[in-house]
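First up is the structure itself, then whatever we jot down about it.
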Amino acid sequence: MPKGGERVVKITEVLAGSRAERAGVQAGDVLVAINQNEITDVLDYRFYLTERRVTLSLLRGDKPIETVIRKQEYDDIGLEFETPLMDKKHCCANKCIFCFIDQLPKGLRPSLYFKDDDSRLSFLHGNYITLTNLTDADIDRIIKMHISPVNVSVHTTNPELRCEMMKNRRAGKVLAYLDRLAEAGIRICGQIVLCRGINDGAQLQRSMEDLARLYPALSSVSVVPAGLTKFREGLYPLSPFTPEECRAVIAQVNAFGERCEKELGARIFCCADEFYLKAKLPLPEEEYYGDYEQIENGVGMLRSLYEEFAAEMDFLDEYIPERGMEHRRVSVVTGKAAAPMLRALAEMLCARVPELAVEVITVENNFFGPEITVAGLLTGKDVCEQLAGRDLGDEVLYPATMLRAEGDLFLCGMSPAEMENKLKVPVRAVRNEGAALCAALLGCEN
């Protein structure tokens, strides 16, 4: 039973008609253990709940209770908890020299300033972790439960440099956890945030060489340029890569990736789209990205959008009624990075649908500064200021990534309804998918 200071997992709701309700479990009960295994968070809960016969050890007030539930192996029993993790998020213990959150101005939503570094979120939602707040016991649990994949922000395999970049004396030591995870067959996805003059060049080569030795457990590594806002006063001096330097990084990563493909059968290492855009180089073909494993890190996101959109051209009849389409004019707002691709897609569609006119409007990121070119970091304020007074047509489309997860607020705190009121035209969030974009441009549900 829980003692003073120990974590308490409180049940907040028991779903009507569920196995837990039939077994007599009540809201307010504390879940202590399942089959005598202590439950501290959602990973314990999911792992130990897979048995067909589970004995729940509960605490109702001061009274210990046990109840037995029989079920199919992966069936849920109908319990809800105070938080999805059944615990608080684990906070980052680093002070990385490139940390984007440290570059945020004051006055934004409080949740934007929280730095998570939580292995459970890595497994459940694909978040990247640094390993610095994990212990040997945490690694043992990951291996025991076969929590896979684990997404790791590596940045460099040079222990001393990693400590310096992350301002954490454990940062170099915990690199050994990668070997333990690999030996146990845990799949690892890696990330290298590249800082000019710090972990590039020879240090990048060393990191790629070291990480390639972990294949096949290490399945992919994205190389991403550090995002630099204009709010860096008092922070570590970093500067952006020039176009020529971006081309050099791409050449280096691709040369090593081709070597891996030849020797190991997998490319493993890929640069983010942003490097290609800054280098003014064409994006690689679809085959380069494999299964798009690193798409959430911006690796292949634009190529995937293009291929999905182009494929959707074969199904235009499903969008356009037999009587034909009424004339429609739409504005699409985006950041500098995606604007050329979106213009190409709009031209492709308009050539097939003459009743449609599309204007792609590039919105400069005045809020964070000119180095931030991705659409997901545009604010509603910048959009409204730069679109003010323009004839925007029948509707304004914007990327859904501009909104927080709940879909209700932009970074600046503006709501979509407020944007619509300011622009005097309907606005619509569009998912970063070819079919969704095609449907939205044509005025259909997406």
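The values are calculated or read from the model by the stated rules, or taken from the named source; none is laboratory data. A quick note: this is a predicted structure, and the numbers were derived from the prediction, not measured. Positions of Cβ are generated from backbone atoms using ideal geometry, with glycine treated the same way; all protein chains shown enter the neighbour counts. Heavy atoms of the whole protein, side chains included, go into the accessibility calculation; ligands, DNA and RNA do not. Shrake-Rupley method; radii C 1.70, N 1.55, O 1.52, S 1.80 Å.
For the stretch 400-423, which positions are within 18 Å of Asn366 (Cα to Cα) and in contact (Cβ under 8 Å) with a residue 60 or more places away in the chain?
Passing the criteria: Leu411, Cys412, Gly413.
Taking Ala344 as the residue in question, decide whether it is at pLDDT 95 or above and either surrounded by 20 or more Cβ atoms within 10 Å (Cβ to Cβ) or part of a strand (DSSP E or B) (or both).
no
Kindly indicate whether Met313 is at pLDDT below 95 and open to solvent by less than 20 Å² (accessible area, probe 1.4 Å).
Yes: the conditions hold for Met313.
What about Val330, is it at pLDDT 95 or above, outside any helix (DSSP H, G or I) and over 26 Å from the mean Cα position of the chain (by Cα)?
yes
Looking only at the stretch 98-115, count how many residues are in contact with a Cys (Cβ under 7 Å, 6 or more places away or on another chain) and surrounded by 17 or more Cβ atoms within 10 Å (Cβ to Cβ).
1
Test of understanding: among Asp29, Asp62, which residue is open to solvent by 20 Å² or more (accessible area, probe 1.4 Å), free of Cβ contacts under 8 Å to residues at least 40 places away in the same chain and over 30 Å from Met165 (Cβ atoms)?
After applying the criteria, what remains is Asp62.
If the requirement is being open to solvent by less than 80 Å² (accessible area, probe 1.4 Å) and either touching a residue at least 60 places away in the same chain (Cβ under 8 Å) or not in a loop (DSSP other than H, G, I, E, B) (or both), which of these qualifies: Asp44, Asp75?
Among Asp44, Asp75, only Asp44 is open to solvent by less than 80 Å² (accessible area, probe 1.4 Å) and either touching a residue at least 60 places away in the same chain (Cβ under 8 Å) or not in a loop (DSSP other than H, G, I, E, B) (or both).
Going by the conditions given, is Tyr306 outside any loop (DSSP other than H, G, I, E, B), out of contact with any Phe, Trp or Tyr (no Cβ under 7 Å at 6 or more places or on another chain), in contact (Cβ under 8 Å) with a residue 24 or more places away in the chain and open to solvent by 60 Å² or more (accessible area, probe 1.4 Å)?
Yes.
So which pairs qualify, if the first residue must be in the stretch 102-120 and acidic (Asp, Glu), the second must be part of a helix (DSSP H, G or I), the Cβ gap must be under 8 Å, and the two must be at least 6 apart or on different chains?
Final answer for the pair search is none.
I need a count of the residues in the stretch 367-387 that are open to solvent by 70 Å² or more (accessible area, probe 1.4 Å) and under 24 Å from Gly407 (Cβ atoms).
Residues that pass the stated criteria total 2.
Any residue in the stretch 125-154 that is at pLDDT 90 or above sitting within a Cβ distance under 9 Å of a residue that is surrounded by fewer than 18 Cβ atoms within 10 Å (Cβ to Cβ) and in a strand (DSSP E or B)? List the pairs, counting only those 6 or more apart or interchain.
Ile129/Asp116; Asn133/Cys91
Might you let me know whether the stretch 135-143 holds any residue that is under 23 Å from the mean Cα position of the chain (by Cα), open to solvent by 20 Å² or more (accessible area, probe 1.4 Å) and closer than 26 Å to Phe275 by Cα?
no
Determine which single condition Glu209 fails, assuming it passes every other condition in (1) of a type outside the set (Lys, Arg); (2) more than 21 Å from Ser119 (Cα to Cα); (3) in contact with an Asp or Glu (Cβ under 9 Å, 6 or more places away or on another chain).
The one condition Glu209 does not meet is (3).
Can you name the residue in the stretch 179-206 that is open to solvent by less than 20 Å² (accessible area, probe 1.4 Å) and free of Cβ contacts under 8 Å to residues at least 40 places away in the same chain and is also nearest to Leu228 (Cα to Cα) among such residues?
In this case the residue turns out to be Ile192.
One line per residue, one yes/no per condition, for (1) of a type outside the set (D, E, K, R); (2) not in a strand (DSSP E or B):
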| position | (1), (2) |
| --- | --- |
| Ser122 | yes, yes |
| Asn127 | yes, yes |
| Leu134 | yes, yes |
| Asp138 | no, yes |
| Arg141 | no, yes |
| Lys144 | no, yes |
| Ile147 | yes, yes |
| Asn151 | yes, no |
| His155 | yes, yes |
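Which condition does Gly389 not pass, out of (1) at negative phi; (2) more than 17 Å from the chain's Cα centre (by Cα), if it passes all the others?
The one condition Gly389 does not meet is (1).
Find the helices (runs of 4 or more DSSP H) located wholly in the stretch 368-446 whose residues include 3 or more that are out of contact with any helix residue (DSSP H, G or I) (no Cβ under 9 Å at 6 or more places or on another chain), and list them.
Those helices (runs of 4 or more DSSP H) span 380-387, 416-423.
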